[in-house]
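We did not get these values from a lab; they are worked out from the coordinates using the rules stated. Source: prediction; values computed, not measured. Here the Cβ positions follow ideal geometry from the backbone for every residue, glycine too, while neighbour counts run over all protein chains shown.
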Amino acid sequence: MNLLAQLVWEFRLQKRYYFWATALVITVVWLLLLSSLNDDLKSQWMPALIFADLSNIGLLFIAGCLYLERRQGTLYALAITPFRRSRWLVLKLISLSVLTTLCALAIALFSGASVNWFLLVPAIIATALVFTLCGFLLALPFDDLLNYFLGMALTLTVLSLPLLDYFQVYPHWLYWLLPTQPVLQLLVGGFQPASAATISVSLLLCVVWIATLYFFAAKRFNRFVAMRPQQ
């Protein structure tokens, strides 16, 4: 089965699991919230709202995929099939990133805010990849979604710390040690003027973080999923 056919199957699974319906509801809620803001406030809040949208969807949906496919035994079957295990992760990253990216683009498109699409589109894709990879690494040790939620809440709190810098609540350079600081800076650049230096550094760090997170995700896949006995 080629990559395109496998992606089509992934999208069908997402539809069956109501991922698209859930994402649509979340997107509509954000748009209703934005409709109550004036143009100046939209420019200020749009990066944070898209950041929050991608963080919640990215962390939740990849965990849902793991949980559902563990229950069905799909993941454990990879150990005895010629299907490359790394492709499973790549397919999930592509399909979930497409879903989250479309949701974020819809929010930006219908918000009425002024948008730099040339910068916003790669910023959204990078943010979707970062949160999906973080969610995958976090969800690997958990067999139950209820147990995962506590870890997700703690992780989301840490990953959201750059928002304190963005809103000038507690600015600090240490936020640049988190993978979410460069993606947030790119999102900000999609709605507000940003220096070329900030954009360049953020893009470089995004590439480094995505490559690093993918390396560890692929490395730990066998240990926590494919070689783990079915419960």
Report the FRET efficiency, 1/(1 + (r/R0)^6), for LEU174 and LEU145, where r is their Cβ-Cβ distance and R0 is 30 Å, rounded to 0.05.
0.45
In whole angstrom, the spacing between the Cα centers of segment 113-147 and segment 9-69 equals 10
What is the spin-label model distance, in nm, from ARG223 to LEU109 if the labels are put 7 Å beyond Cα along the C-beta direction?
4.2
Residues other than LEU33 with Cβ under 12 Å of its Cβ, Lys/Arg counted +1 and Asp/Glu -1, net out at 0
Summing -39500 (n - 2.57) over every DSSP H run of at least 4 residues in the chain and dividing by its residue count gives a helix-only mean residue ellipticity at 222 nm, to the nearest 500 deg cm²/dmol, of -25500 deg cm²/dmol
Using the membrane-span-like helix rule (whole DSSP H runs, Cα extent along the own axis of at least 27 Å, mean Kyte-Doolittle hydropathy at least -0.5), which helices of the chain qualify?
39-72, 85-111, 117-139, 196-221
